[in-house]
Amino acid sequence: MPKQSPSIKIVDLVEVCRQDRHKFERLFKQAQKIYHASFRSEEKESTACIRRFIWDAARDSGDGSGYRFCYLIPLLGKRVGGMFMFEMIPLPGKSLMAFLGYIAVDRSLRGMGIAKRLIQEFRRFFLAQAKQYKLKPLGGFGEVEKPDLSVADDLRNKIRPGFHHNVCNFGVMTVLTAGNRFKILPYFQPGISRNRGAIEPPVPFLPCIMRVFGKTFRKLPVGAGKVVDHAGQLKLPIKSLPVMNSAVALQMIHGVYNSYREGAEYSKNQIDKLEDNIRRNLEGYRKVYIVPIPDTAYIPLK
């Protein structure tokens, strides 16, 4: 049973930074503690880098394109209960996507619906931004760790996939190959830190999308465990799956990798190779099918 939901106020630290730098530093310090406790070292950007993103966003009055960087925190009284960092990125063709970077909740406060509130607030921000700048809202892109049933890891195989499927309504970008088998787009988070001058190796993740249909975020029309059998083959009519144009999928991934190029210029060559690899894997495919995250446990990464 969920814990009693407390009174939560969602605040954007970029706006706090504009108005009160001392208050910003106090709240940011609390939020970054939760961030560093929630992610592996190779997944994280440095606190100095994130602070620079926020300062730059706070100084920027906007270029009229619709771009926006956000760092949301849930406040429970004076206590920071989590953090959610994302960017809203305009794309060619007068459209808008979001890159959902990191979301985390203080371990002692989980189960209270805080992450769900953060997702709801993100959706409100995103749709309002698209409306303000008259852009077509495509949805949000996120990096999610692939379930691995060969290891006993409830966090990786049940808790996180369940959250991303049920709360975020994320699905995984795939193509359907000959023999009715799915292939996951080979997405990697580039090395975003350096170890003694050497760039960290890229980290494989599932390329996930939270789609907007019309002007509304919607759940996947198929449930977890209904799409792929244990052999990794399709087990229901393909027309029942959400689909997107492969050119749009590539455009969104390009937007994500451009964000990394801005934050980690030293990884540019690595990022170029990662993006070229996805482009090659999409050659010959016009459609990208969206598959529930839990079903990818039975689809091998190649």
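Brief remarks follow.
- Yes/no for residue 236 being surrounded by 12 or more Cβ atoms within 10 Å (Cβ to Cβ), within 15 Å of residue 183 (Cβ to Cβ) and touching a residue at least 12 places away in the same chain (Cβ under 8 Å): no
- The strands (runs of 3 or more DSSP E) located wholly in the range 178-289 that include 2 or more residues which are within 22 Å of residue 86 (Cβ to Cβ) and β-branched (Val, Ile, Thr) occupy 206-213.
- Test set (1) farther than 30 Å from residue 64 by Cβ; (2) under 13 Å from the mean Cα position of the chain (by Cα) - residue 141 fails condition number: (1)
- Criterion applied to 191, 179 was being within 30 Å of residue 266 (Cα to Cα) and in contact (Cβ under 8 Å) with a residue 24 or more places away in the chain, and the one residue passing it is 191.
- Residue among 60, 106, 56 that alone is in the same structural domain as residue 29 (by TED's automatic domain parsing), closer than 21 Å to residue 168 by Cα and surrounded by fewer than 22 Cβ atoms within 10 Å (Cβ to Cβ): 106
- Subset of the range 124-152 [free of Cβ contacts under 8 Å to residues at least 12 places away in the same chain and either under 17 Å from residue 295 (Cα atoms) or assigned to a loop (DSSP other than H, G, I, E, B) (or both)]: 150, 151, 152
- Test: residue 272 is surrounded by fewer than 18 Cβ atoms within 10 Å (Cβ to Cβ), touching a helix residue (DSSP H, G or I) at 6+ places or on another chain (Cβ under 9 Å) and of a type in the set (Asp, Glu): yes
- Checking 151, 172 one by one, the residue that is assigned by TED's automatic domain parsing to the domain that holds residue 294 and at pLDDT 95 or above is 172 and no other.
- Scanning the range 20-43 for residues that are modelled with pLDDT of 95 or more and either polar (S, T, N, Q) or not in a helix (DSSP H, G or I) (or both) returns 20, 30, 32.
- Scope the range 148-205; condition buried (at least 18 other Cβ atoms within 10 Å of the Cβ) and of a type in the set (Val, Ile, Thr); matching residues: 172, 174, 175, 184, 192
- Highlighted here are the strands (runs of 3 or more DSSP E) found entirely within the range 44-116 that include at least 3 residues which are under 22 Å from residue 21 (Cβ atoms) and in contact (Cβ under 8 Å) with a residue 12 or more places away in the chain: 68-76, 82-91.
The values are calculated or read from the model by the stated rules, or taken from the named source; none is laboratory data. All of these numbers come straight from a predicted model, not from anything done at the bench. We place every Cβ from the backbone using ideal geometry, glycine too, and count neighbours over all the protein chains shown.
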